[in-house]
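Trainee: Take this structure first; my questions come after.
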């Protein structure tokens with residue numbers, strides 16, 4: 001299932017804590033006043049939350065500027081390491097980055113979103129706003145679409161019901177009919193393409209990683225759109241991600 005069960009009686013304190021964490025993450029570094037203007041909370045209550053989270057080591061307060069602490073990095077690495085696909089893909093990702101000269105990503109699905117689990121950069125990689133741990137809508141990514149394509153129809157419907165089909169660029173898929181047609185084409189050819197669907201000027205090619213009839217993730221190579229438009233270069237990327245995903249599948253088969 002793409003969604004998690006909704007609690008009958010949500011713990012308001014827990015909801016407030018994580019809303020506050022999300023707010024501080026989005027602001028990156030903010031004063032008490034800036035945080036207060038972005039949350040619905042009495043100032044005295046906000047002060048108690050900030051003081052407690054700072055005392056516990058989850059926030060850092062430097063000269064009145066609050067930010068997330070590296071304690072979250074510790075939790076993130078621990079969560080990442082629960083995925084065996086991470087360790088079994090590292091060698092392949094490095095090789096793909098060297099051969100393509102581009103950015104290579106390992107993506108998995110969690111709670112109906114695509115999550116960037118690992119990255120390797122080639123010598124001609126471009127700067128993007130993507131980062132490790134970032135959760136993206138699956139309809140906007142080559143890796144997200146290829147994972148959906150090799151999942152059940154019920155799972156695809158569940159993901160769309162939970163998250164919808166948000167539009168990140170004018171090229172993003174925003175209708176169920178369009179998505180279903182795209183997924184059928186991806187299943188037939190074995191890989192997915194993303195042309196400006198996540199960010200303008202960036203395209204990607206992705207192949208699924210399937211083990212024991214279950215989609216475990218996807219490997220993708222992202223490069224400037226103009227470069228991927230070249231048919232020879234695009235075909236080379238298709239061959240690389242297909243070979244790379246097969247290598248990772250073989251390692252997973254013997255875990």
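Trainee: Could you check region 204-245 and list, in sequence order, the residues that are within 21 Å of residue 82 (Cα to Cα) and without any contact (Cβ under 8 Å) to a residue 60 or more places away in the chain?
Mentor: The answer is 211, 212, 213, 214, 245.
Trainee: For residues that are in a helix (DSSP H, G or I) and either surrounded by 13 or more Cβ atoms within 10 Å (Cβ to Cβ) or at positive phi (or both), tally how many sit in region 70-89.
Mentor: Keep residues of region 70-89 that are in a helix (DSSP H, G or I), which gives 71-80, 84-89.
Going one step further and asking which of them are either surrounded by 13 or more Cβ atoms within 10 Å (Cβ to Cβ) or at positive phi (or both), we end up with 71-72, 76, 79-80, 84-89.
Residues that pass the stated criteria total 11.
Trainee: What are the residue pairs meeting all of these: first residue in region 90-105, first residue outside the structural domain of residue 246 (by TED's automatic domain parsing) and surrounded by 23 or more Cβ atoms within 10 Å (Cβ to Cβ), second residue assigned to a helix (DSSP H, G or I) and at pLDDT below 95, Cβ atoms under 8 Å, and 6 or more apart or on different chains?
Mentor: Nothing qualifies.
Trainee: Here is a follow-up. (1) assigned to a strand (DSSP E or B); (2) more than 17 Å from residue 125 (Cβ to Cβ): which one isn't true of residue 239, the others all being true?
Mentor: That leaves (1) as the condition not met.
The values are calculated or read from the model by the stated rules, or taken from the named source; none is laboratory data. For clarity, every value in this text was computed on a predicted model and none was experimentally measured. All Cβ positions, glycine included, derive from the backbone under ideal geometry; neighbour counts span all protein chains shown.
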